[in-house]
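Here the structure comes first, spelled out in structure tokens, and everything after it is commentary.
Each value in this text was obtained by applying a stated rule to the coordinates, not by laboratory testing. All figures in this text were calculated on a predicted structure; none of them were measured in a lab. With ideal geometry, Cβ positions are generated from the backbone for all residues, glycine too; neighbour counts draw on all protein chains shown.
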Amino acid sequence: CHLGCRCEEQSFGLFNSFSLTRVDCSGLGPNIIPVSIPVETSLLDLSSNGIRSIEGAVLSGPGYTTLSSLNLSNNLISVMNGSVFSKLRYLETLDLSWNAIKVLVEGFSGLPLAEVDLSHNLIHEIDLNVFRVQDHGRPFSVDLSYNLLKSVTRNALLSHLFKEYGFLIGYSSESVSTRPSSIASGSPARFLIMAPAADRQGYWGTPTSTLDWCEENYVVSFYIAEFWNTVSNLIMIIPPIYGALQTFKSGLEVRYMLSFLGLAAVGVGSWCFHMTLQYEMQLLDELPMIYSCCVFVYCLYECFRQENAVNYLPIALLLFFSITVSVVYLQWKEPVFHQVMYAFLVAFLVFRSVFIVTWVYPWLRALCYTSLSVFLLGFVLWNIDNIVCDTLRATRQRLPPVVGAVTQLHAWWHILTGLGSYLHILLSLQIRTTYLKYRPKVKFVCGIWPLLHIESEKMS
Ligand SMILES: CCCCCCCC/C=C\CCCCCCCC(=O)N[C@@H](CO)[C@H](O)/C=C/CCCCCCCCCCCCC
Ligand SMILES: [Ca+2]
Ligand SMILES: [Zn+2]
């Protein structure tokens, strides 16, 4: 028996005339291969070894010709070439689950396989020839659950397999006991087990929104479609309400109270949208983003004017902009249109605030650049969430639920843009109150949360 492995011989038949060996070489590290195994080995366990690849004639030698079961699960294999199994002429069960397989090159042609477990890998595409195994008259089952097969690929794959090879399709959530009964009825059946879609059905029904973010729907709660994307809105709701009350109490201009309330309204709309994924709620999230940003633009544009003066031209222009964007967006339900319009407003705020802290109040630079960097970091995460959603979803499958929640990057976007926007209102308020000769000061509640404190005495 190979050093470190555990070999167990079992005898069968009259006078124990027939023996088969089980070889357990799991948990020994990647240098375990190539491993020599006794002749007449029936089962070889190479799981949990950190093996990165299997190449060439590693799986050959006297013991391999009789092997009927090979376990390669829990390794780090990324590319799998089916031809490495070509010497295993009696291989019936092959476990390749929990690896990092992205591509399957060549199939297992000619092998008498009955069961191949390819679940929990990173397969996004599959060559149909993989399934051309030896027709031995017994059922053949392939488990492809928890991979990255896109629904388009998945559907094409299913219909093709069904037509060409008569595969029966099962889902990994179905109980294993349902398999034999489906098989029993006809001629040799082939089985393909696919992952259930990551999204589930829930209380608010099928999503009607034009956007459905990366977070898996109805996984945490039956009543909340995207749980983490929903609760993360609290940061956009509670602190701004407090800010609005404080602005009111300090007798500051109404536009700053409207800024805080606008941010809170976005938070409430966004809560409703992510909870339901319904189109009407999406509008409740996205349109207030435009309106509240217009209020921010007005505040920053008008920050060097007389107290309580109202300038109707910018108000009219911003109203015209808001109404046009709303009307166009209601007709042309293109999310990119909304995003570009919103980005225009944010760009104005960025340039104007950088201009003010560069040329007028340089001591406010720290607050300005903190707000800007927090907001932009949120934007970076928002993009990553959209671009590598498949990988994030696959990663979450491998992590415990609460740790997985940290990878909900759209929720981080809420937290960071919520904080960035809040800091922006504080900056805007501080610019304004400094200009009006109040004595503004940013204070930290419990040493963490920033608030603007206005002293009652005005400077002379
Ligand atoms: C100096 C710092 C500027 C800070 C500007 C703050 C402006 C804040 C205005 C309103 C608050 C909104 C807070 C964001 C809420 C997000 C809610 C949400 O997730 N909504 C989505 C639906 O769930 C919605 O579909 C998402 C839209 C995302 C649009 C992304 C566009 C980002 C554009 C950023 C461009 C930066 C440009 C910088 C140029 C120098
Ligand atoms: Ca989703
Ligand atoms: Zn959102």
Item to check | Prolate/oblate/rounded label for segment 269-404 (Cα gyration tensor, a/c 1.5) | outcome: oblate
Next on the checklist: Under a crude label model (7 Å from the Cα following the beta-carbon direction), how far is I448 from S60 in nanometres?
Outcome noted: 6.3 nm
Checklist entry - Taking the highest mean first, how do the peptides 289-298, 345-354 order by number of other beta carbon atoms within 10 angstrom per residue? => result 289-298, 345-354
Item to check | Alpha-carbon centroid distance for the pair segment 353-418 / segment 99-126, whole angstrom | outcome: 37 Å
Next on the checklist: For Cα pairs less than 8 Å apart in space and 6+ apart in sequence, what is the mean separation divided by the residue count of segment 7-105, i.e. the relative contact order in percent?
Outcome noted: 23 percent
Item to check | Extension gain, Q339 back to E8 (0.36 nm per residue minus Cα-Cα distance, nm) | outcome: 112.8 nm
